[in-house]
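Participant: Right, I'll just put the structure down here and ask away after.
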Amino acid sequence: MSTHFPWLTTIILLPLVASLPIPFLPGKDNKVVRWYALGVGLVDLVLTLFTFWQHYDLQNPELQLVESYTWISQIGLNWSVGVDGLSMPLVLLTALVTTLGIMAAWPITHKPRLFYFLMLAMYSAQIGVFAAQDLLMFFLMWELELVPIYLLISVWGGQKRLYAATKFILYTAVGSLFILVAAFAMAFYGDNVTFDMRELALKDYSLTFELIVYAAFLVAYGVKLPMFPLHTWLPDAHSEAPAPVSMLLAGVMLKMGGYALIRMNVEMLPNAHVYFAPVLALLGVVNIIYAGLTAFAQTNLKRRMAYSSISHMGFVLIGIASFTEVGLSGAMLQMISHGLIAAALFFLSGVAYERTHTLMMDKMGGMAKQMPIVFALFTMGSMASLALPGMSGFVSELSVFLGFTSSEAYSDPFKVIVVLLSAVGLIVTPIYLLSMLREVFYGTASPEMAQVKFWDAKPREVFITACLIVPIIGIGLYPKLATQTYDVKTVAIASQARNSLPLIAEQPPSRLFSRVLSAPQLQTPKPSELLGVLK
C-alpha cells in the first residue's frame, strides 16, 4: 500500500530525537526522566503497530514503505529504508522488547538520564539495522548500536563490567570491519558503484568473489548471532550487564546476526550459500551441543541462560541451511520466539538479583515459598525455553527439524547426523533449565539468605513478564500469528536458494576453493548432488 508520509523514517528517528531533551528535563530524581523515556517508547511502539496495520500488505513479498533520500552524495550514502517479511516482524519485536526494557529499568538510580538516553538511542539504531536498504547505512546503524551497549555495560554493569564491555566491543568492532570491507567490495564490483541492496543483489558476481564476501559476512554476523567459536563475549556481557540491557542483548541484538545472514548471505549471495550451507548446518549442531553442555557447568544464573541462548541460536543456523520454506520459516520463528523468551528470562533474573543481590545459584535456594509468583513466571519462561508443546519454542524448533529433514538438497546420512545430534539439545535443555529452577527456588538456602525475607513480584514486574509470556503462548497455540508476517518472503528466498543448486553443480569454484570447501565435480547437474554431503 503506497503512502507519502515517511512512516519508517519517523519510527527510526523518533526515539533518537526524543532522547536529546533528556538532559534538560526537570526534577532531581529519576521519576520524570523514566516516565518520559517510557512514554517515548510507547509512542514509537504504537506508531509501529499503526503503520504496519494500515500500510503493510502481508501478501506482498517485495519491499514496502520504501523511502529514499540523498544523505551524503560525495560517498554515495543514501537514507534508504524499507521493510518486508524479514524485517517487519523483527522491527515489531524490537519495539516491544525495548519498550519493556525501559519499563524494566525502573530500579536504575545511578545516572538515570544517561541510561535512558542510551536506551532510546539504541532503540533507533536497532530499528535502523532492520529497516536499512543501503549497505553503508546498514553499517552505520550497526556501529551506532554498539556504542550504547558498550556504555550501558561499562557504567551500570557488575564487578567485571569493564572487562565484559571491552571484550564485547573488540569482538563486534573486528566483525564490523569485515562488513565494511565486504560492503565496499560489492559496491565497486562491476561497472556501477552502488550501496543499494536491491541493486547489489542483481549484480552478476563471480563465484569466487561471492565465496569471499560470504565468508566475510559470516564472520561478522557470526559474532553477533553468536556462532561458535565467535561466541565467548556473550556470557561475559550477560553476566555483567543489568537486566534491561540483557533483555535487549538477547531479545534483539542476537537477532540482528540471524537477520543479516538471511538478508545478505542467502538472499544476495545465493550461489555462495550453496557451498556454505552444510557448514552452517554443522556449526548449528556445534552451537546446540557445545553450549547446551557448557550450560551445566555454569553456577551463575545469567551465564547459564547466556549459554542457553547460544544453544538456541544454533537452530537458526540449521534452518537457514535447509533450502526449504519450512526450515527458513522455522529459523525466523526461532528468532522471534527466542527474542520473547530470552527477554522474559533475563528480566526475571534481574528480579531475582534485586531481591538476593547475587546471581550465584548455589547462594540462592528456597525462594519459591516467599516468591510464588516469581517462581510461577520463571517456570513458564523456562518451559517455553525448553520447547514445551503449546509454547512458541516448540513450534519453531519443530519447523527447523521438519524443514531440514524434508530438504532434497542433502543426502539422507547427512540429514540423519544433523538431526540426531541436534536432538541432543532437546534432551540437554530441559535438564539444565529444570535443575536451575530446582536450585534457585527449592535448593537449600545459604545461611545469609535464610535470614532474609524476600518480597514477591510487583504489579509492574508481572505486567512486563505477561507482555512477553502472552505472545509466547499465543504463537505456540496459533503459529500463524507470527508466520503470516514473513511466509511470502521466506518462500521466495528459499526458492531462490534452491534455484542456485543446479547452477552451482555445473560451475565448480576455482581450484583454491575447491580444495578448501571440497566441492565435487558432478556428473549431472542435479540439485541433490552437491558438497560431498549431498546425494
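Participant: Work out, step by step, the length gained on full extension between V43 and I431: first 0.36 nm times the residue separation, then minus their alpha carbon distance; give nm to one decimal.
Facilitator: Extending this stretch completely gives an extra 135.6 nm.
Participant: Tell me, what % of the accessible area of the range 155-234 is carbon and sulfur with a 1.4 angstrom probe?
Facilitator: Carbon plus sulfur share of accessible area: 68 percent.
Participant: Once Lys and Arg get +1 and Asp and Glu get -1 on their Cβ, which of S382, F139, M264 lies farthest toward the positive end of the dipole of the chain?
Facilitator: With unit charges placed on the Cβ atoms, the residue in question is S382.
Participant: Also: Taking the Cβ of A342 as the center, what net charge do the other residues with Cβ under 14 Å away carry, scoring Lys and Arg +1 and Asp and Glu -1?
Facilitator: +4
Participant: For W7, W35, give the ranking by accessible area with the largest first, probe 1.4 Å.
Facilitator: I get W35, W7, largest accessible area first.
Participant: Tally Lys and Arg at +1 and Asp and Glu at -1 over the other residues with C-beta under 12 Å from the C-beta of S80: what net charge comes out?
Facilitator: -3
Participant: What pairs in K31/K302; K224/K415; K224/K255; K167/K302 have C-alpha atoms more than 20 Å from each other?
Facilitator: K31/K302; K224/K415
Participant: Taking all protein chains as present, what is the carbon and sulfur share of the accessible area of the range 251-388, in % to the nearest whole number, probe 1.4 Å?
Facilitator: 69 percent
Participant: Under the definition of Cα pairs under 8 Å and six or more residues apart, what whole-number percent is the relative contact order of the chain?
Facilitator: Relative contact order comes out at 15 percent.
Participant: Once each part is reduced to its C-alpha centroid, what is the distance from the range 62-125 to the range 150-221 in angstrom?
Facilitator: Going from one Cα centre to the other spans 18 Å.
Participant: Another question, if that's okay. Apply the a/c threshold of 1.5 to the C-alpha gyration tensor of the chain and tell me whether it is rounded, prolate or oblate.
Facilitator: oblate
Participant: Separation of the range 268-288 and the range 380-445 by C-alpha centroid, Å?
Facilitator: One Cα centre to the other: 20 Å.
Participant: Moving on to the next point. Measuring from label point to label point, each 7 Å out along Cα→Cβ, what is the K160 to A297 span in nm?
Facilitator: Going by the 7 Å Cα→Cβ label model, 1.3 nm.
Participant: Tell me the per residue accessible area of the chain using a 1.4 Å probe; a whole number in Å² is fine.
Facilitator: Heavy-atom SASA per residue in the chain reads 38 Å².
Participant: While we're on this one: Report the local net charge at V491: Lys and Arg +1, Asp and Glu -1, summed over other residues whose C-beta lies under 14 Å from its C-beta.
Facilitator: Around V491, the surrounding residues sum to -3.
Participant: In addition: At V147 and K203, where each label point lies 7 Å from the Cα along Cα→Cβ, what is the point-to-point distance in nanometres?
Facilitator: 2.8 nm
Participant: Okay, moving on. Highest mean first, what order results for 185-194, 482-491 on Cβ atoms within 10 Å?
Facilitator: Output ranking for 185-194, 482-491: 482-491, 185-194.
Participant: Further, regarding this structure: Counting alpha carbon pairs within less than 8 Å and at least 6 residues apart, what relative contact order, in whole percent, applies to the range 87-216?
Facilitator: The value is 21 percent.
Participant: Which order do the peptides 377-385, 459-467 take when ranked by the mean count of other beta-carbon atoms within 10 Å per residue, highest first?
Facilitator: Per-residue mean Cβ counts within 10 Å order the peptides as 377-385, 459-467.
Participant: Evaluate the charge dipole of the range 188-230 about its Cα centre and quote only its size in Debye, nearest 20, assuming +1 on the Cβ of each Lys and Arg and -1 on the Cβ of each Asp and Glu.
Facilitator: Computed about the Cα centre, the dipole is about 240 debye.
Participant: Ignoring ligands, DNA and RNA, what percent of the accessible area of the range 67-106 is carbon or sulfur (1.4 Å)?
Facilitator: 60 percent
The values are calculated or read from the model by the stated rules, or taken from the named source; none is laboratory data. Remember, predicted model here, so these are calculated numbers, not experimental data. Counting neighbours? That spans all protein chains shown, and the Cβs are built from the backbone with ideal geometry, glycine included. Only protein heavy atoms, including side chains, enter the accessible area calculation; ligands, DNA and RNA are left aside. Shrake-Rupley method; radii C 1.70, N 1.55, O 1.52, S 1.80 Å.
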